[in-house]
Amino acid sequence: MSLARAAYRSRQLFAALGARLSPAERQTIAAHLTPAQQRLFSAMTVRDQRHSLDVLQALQRMGCQEEEVLLAALLHDVGKGSVRLWHRVAYVLLQAASPRLLDRLAQPNRRGWRWAIAAIRDHGARGVALAEAAGAPATVVELIRHHQRACPELAEGACPEGSEGADGSDRRVALLRAADESC
């Protein structure tokens, strides 16, 4: 893990420890989400709610006004469920040290910490199913599905030449990913 990545993860850890949402922020969330989507959002840990709201605000600072992208920002991590902080720390350390060991330990059909590791690893696919069930638009579901796509150009907010779909989907994924990586 690079020094920059370690610093980023350390900032995330300390932000998670003091995560809170103000009443005004909860009103912002309610303005963007349907009641079914609000239930999904509320099922996340407060630290993931805070992160999702931070991603929304980062997108707005970037000038994004596309409701689908803003909605995806609030719902992109719903597939993680209510995993504990130590599960997240273990996941990050395992991912950096030995991705193969991480995959062997992650057991989606089990309970406890092995399930939690799998939930974090597979949260994109889990989030897709939950967002669809909560009535999220197809564009939002696709943004959630691809928000972790491994593409260095997307992490920098740029789309590789010729890769953008006719609907602008890769540009939207790039925006969501850039905002997610900045928070």
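Computed values, structure above
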{"item": "Residue list for segment 82-99, restricted to those being under 19 Å from Gly18 (Cα atoms) and either assigned to a loop (DSSP other than H, G, I, E, B) or free of Cβ contacts under 8 Å to residues at least 60 places away in the same chain (or both)", "result": "Ser82, Val83, Arg84, Trp86, His87"}
{"item": "Close pairs (8 angstrom Cβ cut-off, 6 or more residues apart or separate chains): at pLDDT 95 or above and among the small types (Gly, Ala, Ser) in segment 133-151, in a helix (DSSP H, G or I) and surrounded by fewer than 17 Cβ atoms within 10 Å (Cβ to Cβ) anywhere", "result": "Ala133/Ala36; Ala134/Ala36; Ala134/Arg39; Gly135/Ala36"}
{"item": "Scope segment 83-107; condition among the polar types (S, T, N, Q) and farther than 11 Å from Ala118 by Cβ; matching residues", "result": "Gln95, Ser98"}
{"item": "Residues (in contact (Cβ under 8 Å) with a residue 60 or more places away in the chain and acidic (Asp, Glu)) located in segment 19-72", "result": "Asp54, Glu66, Glu68"}
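Here is a yes/no grid of residues against (1) modelled with pLDDT under 90; (2) at negative phi:
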| position | (1), (2) |
| --- | --- |
| Glu67 | no, yes |
| Leu102 | no, yes |
| Ala119 | no, yes |
| Ala155 | yes, yes |
| Glu161 | yes, yes |
| Gly168 | yes, no |
| Leu175 | no, yes |
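The values are calculated or read from the model by the stated rules, or taken from the named source; none is laboratory data. Note that the structure is a prediction, hence the values are computed from the model and not measured. FYI the Cβ positions are ideal-geometry reconstructions off the backbone, even for glycines, and counts take in every protein chain you see.
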